[in-house]
1. Under the rule of -39500 (n - 2.57) per DSSP H run of 4 or more residues, summed and divided by the residues of the chain, what mean residue ellipticity at 222 nm is obtained, to the nearest 500 deg cm²/dmol?
2. Report, to two decimal places, the Cα Rg of segment 84-140 normalised by 2.2 N^0.38 Å (N = number of residues).
3. Run through segment 359-410 and list the GluC sites (Glu not before Pro) located in a DSSP loop whose Cβ has at most 13 other Cβ atoms within 10 Å.
4. In percent, what relative contact order does segment 92-214 have, based on Cα pairs under 8 Å that are 6 or more apart in sequence?
5. Can you put 219, 368 in order of accessible area, largest first, using a 1.4 Å probe?
6. Using Stokes-Einstein with the Kirkwood hydrodynamic radius over Cα pairs, what translational diffusion coefficient do you get for segment 32-136 at 37 °C and a viscosity of 0.692 mPa s, in µm²/s rounded to a whole number?
7. Please report, in debye to the nearest 20, how large the charge dipole of the chain is about its Cα centre when each Lys and Arg carries +1 at its beta carbon and each Asp and Glu carries -1 there.
8. Using unit Cβ charges (K, R positive; D, E negative) and no other charged atoms, how large, in debye to the nearest 20, is the dipole of segment 322-422 about its Cα centre?
Amino acid sequence: MSLLVVGLSHRSAPVSVLERASLSADAKVKLLHDTLAAEPAAEGAVLATCNRIELYADVDKFHAGVAELSTLLAQHSGVGLEELTPYLYVHYEDRAVHHLFSVACGLDSMVVGEGQILGQIKDALAVGQDEHTAGRLLNDLFQQALRVGKRAHSETGIDRAGQSLVTFGLQQLAEEAEVADWAAGKRALVIGAGSMSSLAAATLARAGVAEIVVANRTMARAERLVEILTEPGGTGVAARAAEMVAVGDELTRADIVVSCTGATGLVLTGEAVETAVQGRDKPLYLLDLAMPRDIDAAAHRMPGVRLVDIESLAEASADAPMAGDVDQVRTIVSDEVAAFGAAQRAAHITPTVVALRAMAADVVAGEMARLEGRLPGLDDKQRAEITQTVRRVVDKLLHAPTVRVKQLASEPGGAGYADALRTLFDLDPETVASVSRADLNDGDVKNRGRV
């Protein structure tokens, strides 16, 4: 396993850099294919959220891999390599596994313990599978990360430390008040209909807002979200869909605005916000969860407007208390990293063991053919008994070494045992490689659709 991750996040880079380095859906796909086209990389996956961009790859050269992945991130993010490099972090092999498992558990999130990251990891794997850039290593890694994240949330109280970015943002808007008390009876405008916007709409509905208007570039998606919000037996909130061209008018009627779109430019300009607050006698609350930002930062300075965006959330989360359960989650991560590494090292030697047993089977078959020439009078029963006896002898001789070599291979530094086995038994490298290819193809088929 030569897993490499190169990335930047809210922990390593200022929001202004993250905002400019965001990736569109098309850019993610192009980045994946360019990663595989690069010489050092055999697999690739991209994890891109509102506060991180990470490129994962299986590489055969560390330094060349770091240089290539860094260059590709710069090319596709639109931020020059010289400017981007100081903010990049690099993790390799077990450290890379530890990093992704920590991310999956919410330990590396802006709001520690938040669970939304699991859906984003799942989406990253799905894209890698759809584009055929995620092979065995990244399939195993990302699927295990999902399991580790779920384990952390089910076995610990990390949920008490964490909350969604939406909830945290609304708490910052409400300041000292309870969100439910602050939101009750207000009119809300949700711009966007993706996962974050849907969560925001649902959270606002549960908090007791009087009305939710959903505006989206694709009207059908806005209408679908409205249907979900107004389903029988739900929150009972009044909701309706609106075209994006109507956002300016809806803004004048709204008390709370949550925006999270994939737009590359501003959705709400400073002029639009200023127009909306003219002549009103109540504040306008704006929550911008988009990266790059949807709402002009100039709104921070406008009287009667309270804007909370990713940058202000990052500042607020630095002072947020961490639950005691975080240490327990860290222990889970460490244990799971060790188990994953052992499993990967053990799997590395399996093709060699299979090739050894195949060679032994060929030896048995050859000796039986030679015996048949020397003793042509053997009947079927005698021939079967001799064959079975020879096979038992070979199996007994190979059993202890193959079991032991798998155990040794699972330990740190155990990768060399596969090479030793191939050398000692003079195994054909192409035979071992063909077993690996066949096993990988089977694994790819099994892994498809398992996210």
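1. Details: 19 runs with 259 residues, N = 451.
Roughly -18500 deg cm²/dmol at 222 nm, from the helical runs in the chain.
2. 1.24
3. Qualifying residues, ordered by number: none.
4. Numbers: 131 pairs, mean separation 27.7, N = 123.
It comes to 23 percent, rounded to a whole number.
5. I get 219, 368, largest accessible area first.
6. D, rounded to a whole number, is 229 µm²/s.
7. Details: 43 positive and 62 negative charges, 232 e Å.
Here the size comes out at about 1120 debye.
8. Its charge dipole is roughly 460 debye.
The values are calculated or read from the model by the stated rules, or taken from the named source; none is laboratory data. Being a predicted model, the structure only gives us computed values, none of them experimental. All Cβ positions, glycine included, derive from the backbone under ideal geometry; neighbour counts span all protein chains shown. Surface accessibility is based on the protein's heavy atoms, side chains included, excluding ligands, DNA and RNA. Shrake-Rupley method; radii C 1.70, N 1.55, O 1.52, S 1.80 Å.
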